[in-house]
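> There's a structure below that I have some questions on.
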Amino acid sequence: MGRVASTVTTGALACACVVVAGCGTNATGARREGPAPVATSTKATTRAAAPAIVADQVALATMVRKDASVSADVREDLTPCAGAGYPMDTDSGNLTSGDGPDLVINVTTCGDGLGIAAYVYRMVDGKYQNVFADEQPPVYGSVDDGQLQIIHEVYRTDDPVSYPTGQESVTYAWRDQRFVEVARDFSDFGAQTPTASPEPTSTDPAPRPKSDPVDPGVPSGETVTPSQSATPDADDTTVPRMSGGGDAVQHGPGQ
């Protein structure tokens, strides 16, 4: 079944925002507007203590902006939202067996929480190194039972931005210093009973960003409980389902 996923452009998403969500005009920061995310249920998992940096949004944003492997657009646009903090969402866990908990950082829009990029940072000698990047919005990354889960909304060419055809979820495991696909499935939202259907996985490892370790600017050995961090509570069973619009490009299992 041929499918297409949205590539987000500023103009198209701004239009989508007016139609679906009604974006504010005073917010600053990462401005790739789109409709507000919709929550979907997932399996509840117990979250371990998170690195101290997740409780320090300034340090977290500064670290991302220092990372030359992050696209220039994301680094330049990562500024505080009006009357709020930085447009970021984090998760943490043991994904790579590094020197401490790994960080999954989602950079979002200010007004509606549209995911525009997802990164994984691995602790190396007290610093964080970017080992995974997905800058194809709408995107959302999280830790799921010790593995990395990346979710993309999928659109046919004629889909309205508020009604994607489905959702593609890719699960990655850390092997030989790279993330590799171990599962991929697609949920057809148009089906009478939407069910995740397995799809072929790529045999190639995910590209690893050419990133130097970045000093987080906070004591790396400190941790905070999930309730103190920016991550959801342990009993939170929902994650944002990102919806967006724009030009359509072919999106298949190998990409």
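The values are calculated or read from the model by the stated rules, or taken from the named source; none is laboratory data. Since this is a predicted model, take the numbers as computed values, not measurements. Every residue, glycine among them, receives a Cβ derived from its backbone with ideal geometry; neighbour counts consider all protein chains shown. Heavy atoms of the whole protein, side chains included, go into the accessibility calculation; ligands, DNA and RNA do not. Shrake-Rupley method; radii C 1.70, N 1.55, O 1.52, S 1.80 Å.
> Looking for something under 15 Å from the mean Cα position of the chain (by Cα), touching a residue at least 60 places away in the same chain (Cβ under 8 Å), within 24 Å of residue 151 (Cα to Cα) and open to solvent by less than 10 Å² (accessible area, probe 1.4 Å) - is there at least one such residue anywhere in region 98-106? Talk me through it step by step, then tell me what you get.
At the first step, the residues of region 98-106 found to be under 15 Å from the mean Cα position of the chain (by Cα) are 102-106.
Filter once more, so that each one left must be touching a residue at least 60 places away in the same chain (Cβ under 8 Å): none.
Taking every residue of region 98-106 in turn, none turns out to be under 15 Å from the mean Cα position of the chain (by Cα), touching a residue at least 60 places away in the same chain (Cβ under 8 Å), within 24 Å of residue 151 (Cα to Cα) and open to solvent by less than 10 Å² (accessible area, probe 1.4 Å).
> Give the residue that is nearest to residue 103 (Cα to Cα), with candidates limited to residues of region 59-73 that are in contact (Cβ under 8 Å) with a residue 12 or more places away in the chain, among the hydrophobic types (A, V, I, L, M, F, W, C) and open to solvent by 10 Å² or more (accessible area, probe 1.4 Å).
Quick first cut of region 59-73, residues in contact (Cβ under 8 Å) with a residue 12 or more places away in the chain only: 59-71.
Still in the list and also among the hydrophobic types (A, V, I, L, M, F, W, C): 59-61, 63-64, 68, 70.
When the remaining residues are screened for being open to solvent by 10 Å² or more (accessible area, probe 1.4 Å), the result is 59, 68.
Details: 59: 13, 68: 17 Å.
Once the filter is applied, the top-ranked residue is 59.
> Next question. Give 87, 164 a once-over and let me know the one that is over 18 Å from residue 207 (Cα atoms) and touching a Phe, Trp or Tyr at 6+ places or on another chain (Cβ under 7 Å).
Values: 87 fails: touching a Phe, Trp or Tyr at 6+ places or on another chain (Cβ under 7 Å).
Residue meeting the stated conditions: 164.
> Would you mention how many residues in region 62-93 are of a type in the set (Val, Ile, Thr) and in a helix (DSSP H, G or I)?
Going residue by residue through region 62-93, those that are of a type in the set (Val, Ile, Thr) are 62, 64, 70, 74, 79, 90.
Then keep just the ones that are in a helix (DSSP H, G or I); that gives 62, 64, 74.
The number of residues fulfilling the criteria is 3.
> Another one. State whether the residues of region 121-135 include one that is open to solvent by less than 10 Å² (accessible area, probe 1.4 Å), within 30 Å of residue 77 (Cβ to Cβ) and in a loop (DSSP other than H, G, I, E, B).
No: zero hits.
> While we're on this one: May I ask you to list the residues in region 145-187 that are without any contact (Cβ under 8 Å) to a residue 60 or more places away in the chain, among the hydroxyl-bearing types (Ser, Thr, Tyr) and part of a strand (DSSP E or B)?
Those that are without any contact (Cβ under 8 Å) to a residue 60 or more places away in the chain, among the hydroxyl-bearing types (Ser, Thr, Tyr) and part of a strand (DSSP E or B): 169, 171, 172, 187.
> Every residue in region 169-193 that is at negative phi and either exposed (fewer than 14 other Cβ atoms within 10 Å of the Cβ) or aromatic (Phe, Trp, Tyr) (or both), please.
Across region 169-193, the qualifying residues are 172, 174, 175, 179, 182, 186, 189, 190, 191, 192, 193.
> Taking the conditions exactly as written (under 25 Å from residue 190 (Cβ atoms) and open to solvent by 40 Å² or more (accessible area, probe 1.4 Å)), does residue 147 satisfy them or not?
Numbers: under 25 Å from residue 190 (Cβ atoms): no; open to solvent by 40 Å² or more (accessible area, probe 1.4 Å): yes.
So residue 147 does not fit the description; no.
> What is the residue count in region 175-233 for residues that are among the polar types (S, T, N, Q) and modelled with pLDDT under 80?
Looking only at region 175-233, we keep the residues that are among the polar types (S, T, N, Q), and these are 177, 187, 192-193, 195, 197, 201-203, 211, 220, 223, 225, 227-229, 231.
Right, trim to modelled with pLDDT under 80 and you get 220, 223, 225, 227-229, 231.
Total meeting the criteria: 7.
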